[in-house]
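Taking it in order: structure first as structure tokens, then the write-up.
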Amino acid sequence: MQTSAQTRHHLPGDLAVWFFIFAELAVFGILFIGFGVARNLDPNTFAAGRQVLHPWTGLINTIGLITASYLVAVAVHRLRHRQTGVTPLLSGAIAASCIYTFGKLWEYADLYSNGYNLGTDTFFMFYFFLTFFHFMHVILGQIILVVLAVKVKRGDYNGDDMNGMESGASYWHMVDLVWLVLFPMLYVLA
């Protein structure tokens, strides 16, 4: 039979990281609201802009980020239970996230070469601002994953203290969550 101490749940990671995550989500939320208002004011421009995007690239990017998040979640679980294979999982997450990085860079290059940029119209202003802001969060998340992988490999994280690992994983999952809103908002919804 479980005691109340065994069933008690805790907030994973450091509280300061959660304040940062909530602040970042608030900024993205404000940007999403701005996008929605602008789309309602000029639906034709937004529909035309969406037609220029590469939905298959967006879908491939989504698969890469979801795969990375899955691997991070498994890595956290394995570390918590002092199982092996945490570093290869984090390395796999970094590799999977690079699918997004290279896909987004290709998409930016293609759009720019076809004359689309921040100044094209309201849709592309939001598209480039939102996706680049998210892109920078992905890069930071990848750096965090590299640091976590190095620390696990060195033995700094061994399952005794999960704070750093959970903080990094929580940040990564926030990055993934934002993309799961951005992808349909930009590429799918009319």
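What the table below lists for this structure:
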read-out: Number of the condition not met by residue 117 [criteria: (1) of a type outside the set (A, V, I, L, M, F, W, C); (2) farther than 26 Å from residue 29 by Cβ; (3) in contact with a Leu (Cβ under 8 Å, 6 or more places away or on another chain); (4) surrounded by fewer than 15 Cβ atoms within 10 Å (Cβ to Cβ)]; value: (2)
read-out: Some residue of region 93-115 being touching a Pro at 6+ places or on another chain (Cβ under 9 Å), among the β-branched types (Val, Ile, Thr) and part of a helix (DSSP H, G or I); value: no
read-out: Within region 71-83, considering residues that are within 22 Å of the chain's Cα centre (by Cα) and without any contact (Cβ under 8 Å) to a residue 12 or more places away in the chain, the one surrounded by the fewest Cβ atoms within 10 Å (Cβ to Cβ); value: 77
read-out: Residue in region 34-46 that is surrounded by 13 or more Cβ atoms within 10 Å (Cβ to Cβ), among the polar types (S, T, N, Q), closer than 30 Å to residue 113 by Cβ and modelled with pLDDT of 95 or more present; value: yes
read-out: Hits in region 47-92 (condition: small (Gly, Ala, Ser) and part of a helix (DSSP H, G or I)); value: 47, 48, 49, 58, 64, 68, 69, 73, 75, 91, 92
read-out: Subset of region 91-108 (residues that are closer than 17 Å to residue 53 by Cα and in contact with a Ser or Thr (Cβ under 6 Å, 6 or more places away or on another chain)); value: 103, 107
read-out: Pick from region 173-190, criterion surrounded by fewer than 19 Cβ atoms within 10 Å (Cβ to Cβ) and among the aliphatic types (A, V, I, L, M), ranking: farthest from the chain's Cα centre (by Cα); value: 190
read-out: Matching residues, region 37-88, being out of contact with any helix residue (DSSP H, G or I) (no Cβ under 6 Å at 6 or more places or on another chain), within 22 Å of residue 108 (Cα to Cα) and among the small types (Gly, Ala, Ser); value: 47, 48
read-out: Top-ranked residue of region 120-161 - restricted to ones that are among the small types (Gly, Ala, Ser) and outside any loop (DSSP other than H, G, I, E, B), ranked as surrounded by the fewest Cβ atoms within 10 Å (Cβ to Cβ); value: 149
read-out: Single unsatisfied condition, residue 63 versus (1) of a type in the set (Val, Ile, Thr); (2) over 17 Å from residue 145 (Cβ atoms); (3) buried (at least 16 other Cβ atoms within 10 Å of the Cβ); value: (3)
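The rows are residues; the columns are (1) over 17 Å from residue 78 (Cα atoms); (2) of a type in the set (A, V, I, L, M); (3) more than 18 Å from the chain's Cα centre (by Cα); (4) modelled with pLDDT under 95.
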position	(1), (2), (3), (4)
101	yes, no, no, no
110	yes, no, yes, no
122	yes, no, yes, no
127	yes, no, no, no
131	yes, no, no, no
153	no, no, yes, yes
156	no, no, yes, yes
171	yes, no, no, no
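The values are calculated or read from the model by the stated rules, or taken from the named source; none is laboratory data. The structure displayed is predicted, hence computed values, not measured ones. Cβ coordinates were reconstructed from backbone atoms using ideal geometry, including for glycine residues, and neighbour counts include every protein chain displayed.
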